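Single-structure report; data block below.
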Amino acid sequence: MKKHFLILVAFGALTLTGFAQQDNVDPVIMQKIRNEGLNNSQVMKTAFYLTDVSGPRLSNSPGLKRAQDWAVNTLKSYGLKNVKLEPWGKFGKGWQVEKNYVAMIAPYYHAIIATPKAWTPGTNGAVKSDVVIIDITKIDTILKMDPFKGKLKGKIVIFDSPASLAPTFRADANRYTEDELSKIAEPQTAQPARQGAGAGANANQMAQLRRVRAMRTQIGEFLKAEGAGLLLSMGRGAHGTLFTTNGASYAEDAAPVLPELEMSPEDYLRIVRLVKAGIKVELEADIKTQFFNNDLQGYNVIAEIPGTDKDLKDELVMLGGHLDSWHAATGATDNAAGCAVMMEAVRIIAAQNLNPKRTIRIALWSSEEQGLFGSRGYVANHFGNPRTMELKPEHEKVSAYYNLDNGTGKIRGIYLQGNNAAAPIFQTWLSPFKDLDATTITSRNTGGTDHLAFDAVGIPGFQFIQDGIDYNTRTHHSNMDTYDRLIADDLKQSATIIAALVYNTAQRQAKIPRKELPKAQGTN
């Protein structure tokens, strides 16, 4: 998930001294890794099993458990050791869609693009009803819902929307140009804090958003009490792409809510226009979802290539990505791609019998989409608590953690997350892959995914710069996030480069330099 950045500090002089000798790469080993990764790749096979075969992988769903079990067996087949499903803590209920049908049947038939919001119930059989529109912008107190009392039982409800869709005439896919990469690598001018009217306006907007959300919750409770049959929401997206979200809590004791469908904007706005014009719109729907509460624990897939050096084998190099996804598709670019690449990276190292000095540990996280829960739980269990900065003995054993979670695009470089001392190391390690276009090194920060859990306790955590392709515009959390969106050559390139960096980290005499230990985050 690409986010925002900080600054790059010049490091040219450092490359001539200090780290240079111990960070020289072994050209024979690099060639072995390159040949295995580019010519004998299994990354697309792995992606196929994680997507098409496993299905959607919402947290604690059967699809995620299928993918986890497959990953465990596959990593064992690579020869990795200590392969297991490791619990990280309590998550909550699993959930999956078992049936999803909705169509407009009057004033004419039209199949609708829609998906149930995660963790919402089904319709308990077929529902057929005209559509009732409610203008939520005119309701600032629940008393204004009184005119609807006794009129909503079994009805399908839609909220009025002032939104409109503008035509677009551009390609979604993109790769970084050399000029764009150069700008990423430049120092970034710090932005002044917002003050005065701007800050006040923003605060007012946030307060208004909170009021709307609170009122939306109250209206939902009212609609449920009145026996409404189905609630329709407008999803983000265009051109048939629907970005999905959750509509209820996954907590074991979550309050019941209405069945809710998230619809494509094109379908949603058509219905709104028709109803507002006084034309009767009738829909039929049959939604079936299932909850799973037999095991509320969350699990990560963990496996290792044991280290071989008597002095370094107890130290760790970690790599990973999150295995969970959303439910409208099969989570190919978010983030089966990252997991397939990381599994391929350890396969490359194992297949070539490279016998790393340090132990290499892969982790496939769960519940990243709900708040980095899998990686944060793992870090808390093994390394330390970022709120108190109470650290565990294993904390000092980790050299670095490498993460991949920005879609299918090939690696163009690495975010140092402010760890400027690591810059000359990565400059040397990436140099053999200049022809694969992975050259950019920036100490800017990037956020939104699992490397942050490690960075929060002072362990070097790195995410890679990747070509965006159509990640943010088309596939991220959408019904288009399928195997077909994966680019095989890009995934091969990424796996090869990461295998090389992980191996070099395992061989380096010293661990990757660390930043100053973060301050405790506190309980807020």
Margin query: Here is a check on your reading of the model: is Ser431 among the small types (Gly, Ala, Ser), in contact with a strand residue (DSSP E or B) (Cβ under 9 Å, 6 or more places away or on another chain) and modelled with pLDDT of 95 or more?
Written below: no
Checklist line | Residues within region 103-132 that are under 25 Å from Ser325 (Cβ atoms) and touching an Asp or Glu at 6+ places or on another chain (Cβ under 8 Å), tallied | finding: 9
Notebook entry, point to check: Quick one: is Thr496 out of contact with any helix residue (DSSP H, G or I) (no Cβ under 9 Å at 6 or more places or on another chain), in contact (Cβ under 8 Å) with a residue 12 or more places away in the chain and assigned by TED's automatic domain parsing to the domain that holds Asn385?
Noted result: no
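Looking at the structure I just gave you, is Gly89 of a type outside the set (A, V, I, L, M, F, W, C), surrounded by fewer than 17 Cβ atoms within 10 Å (Cβ to Cβ) and within 26 Å of Asp324 (Cβ to Cβ)?
Values: of a type outside the set (A, V, I, L, M, F, W, C): yes; surrounded by fewer than 17 Cβ atoms within 10 Å (Cβ to Cβ): yes; within 26 Å of Asp324 (Cβ to Cβ): yes.
So Gly89 passes the test.
So if I check each of Gly458, Gly447, which one is in contact with a His (Cβ under 9 Å, 6 or more places away or on another chain) and under 22 Å from Ala185 (Cβ atoms)? Give the derivation first.
Numbers: Gly458 fails: under 22 Å from Ala185 (Cβ atoms).
Just a single option satisfies the conditions, and that option is Gly447.
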Note to self: Given (1) within 30 Å of Ile113 (Cα to Cα); (2) in contact with a Gly (Cβ under 8 Å, 6 or more places away or on another chain); (3) in a helix (DSSP H, G or I), identify the lone condition not met by His395.
What the structure shows: (1)
Checklist line | Exclusive hit being part of a helix (DSSP H, G or I), modelled with pLDDT under 50 and surrounded by 17 or more Cβ atoms within 10 Å (Cβ to Cβ), set Leu14, Leu8, Leu50 | finding: Leu14
Note to self: Looking only at region 260-280, how many residues end up being in contact (Cβ under 8 Å) with a residue 60 or more places away in the chain, assigned to a loop (DSSP other than H, G, I, E, B) and not polar (S, T, N, Q)?
What the structure shows: 2
Check: Where residues in region 370-406 are surrounded by fewer than 24 Cβ atoms within 10 Å (Cβ to Cβ) and among the charged types (D, E, K, R), which of them is nearest to Ile465 (Cα to Cα)?
Finding: Arg376
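For region 407-498, which fully contained strands (runs of 3 or more DSSP E) count at least 3 residues that are of a type in the set (A, V, I, L, M, F, W, C) and buried (at least 22 other Cβ atoms within 10 Å of the Cβ)? So that I can check it myself, show each step before the final result.
On the way: elements: 411-415, 440-442, 461-466.
Ranges flagged: 461-466.
Could you pull out the residue among Lys313, Lys280 that is charged (D, E, K, R) and under 28 Å from Leu165 (Cα atoms)?
Details: Lys313 fails: under 28 Å from Leu165 (Cα atoms).
The unique qualifying residue is Lys280.
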Next item on the list: Output the residues belonging to region 45-73 that are more than 22 Å from Tyr503 (Cβ to Cβ) and among the hydrophobic types (A, V, I, L, M, F, W, C).
Entry: Ala47, Phe48, Leu50, Val53, Leu58, Leu64, Ala67, Trp70, Val72
Notebook entry, point to check: Quick one: would you say Thr123 is in contact (Cβ under 8 Å) with a residue 24 or more places away in the chain, out of contact with any strand residue (DSSP E or B) (no Cβ under 8 Å at 6 or more places or on another chain) and not in a strand (DSSP E or B)?
Noted result: no
Margin query: Among the listed residues Lys155, Lys117, Lys144, identify the single one that is modelled with pLDDT of 95 or more and over 19 Å from Gly235 (Cβ atoms).
Written below: Lys155
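Being in contact with a Ser or Thr (Cβ under 6 Å, 6 or more places away or on another chain) and closer than 23 Å to Leu50 by Cβ narrows it down to one residue among Gly418, Gly448, Gly409, Gly374; which is it?
Values: Gly418 fails: closer than 23 Å to Leu50 by Cβ; Gly448 fails: in contact with a Ser or Thr (Cβ under 6 Å, 6 or more places away or on another chain); Gly409 fails: in contact with a Ser or Thr (Cβ under 6 Å, 6 or more places away or on another chain).
Just one listed residue meets the conditions, Gly374.
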Next item on the list: Starting from region 134-149, take each residue that is acidic (Asp, Glu) and list its partners that are part of a loop (DSSP other than H, G, I, E, B), counting only C-beta distances under 6 angstrom and pairs at least six apart or across chains.
Entry: Asp135/Asp160
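Determine whether Glu282 is touching a Ser or Thr at 6+ places or on another chain (Cβ under 6 Å), farther than 30 Å from Glu86 by Cα and not hydroxyl-bearing (Ser, Thr, Tyr).
For Glu282, the condition - touching a Ser or Thr at 6+ places or on another chain (Cβ under 6 Å), farther than 30 Å from Glu86 by Cα and not hydroxyl-bearing (Ser, Thr, Tyr) - is not met.
The values are calculated or read from the model by the stated rules, or taken from the named source; none is laboratory data. Bear in mind that the values here come from a model prediction, so they are computed numbers and not experimental data. As a convention, Cβ positions derive from the backbone with ideal geometry for all residues, glycine included, and neighbour counts pool all protein chains shown.
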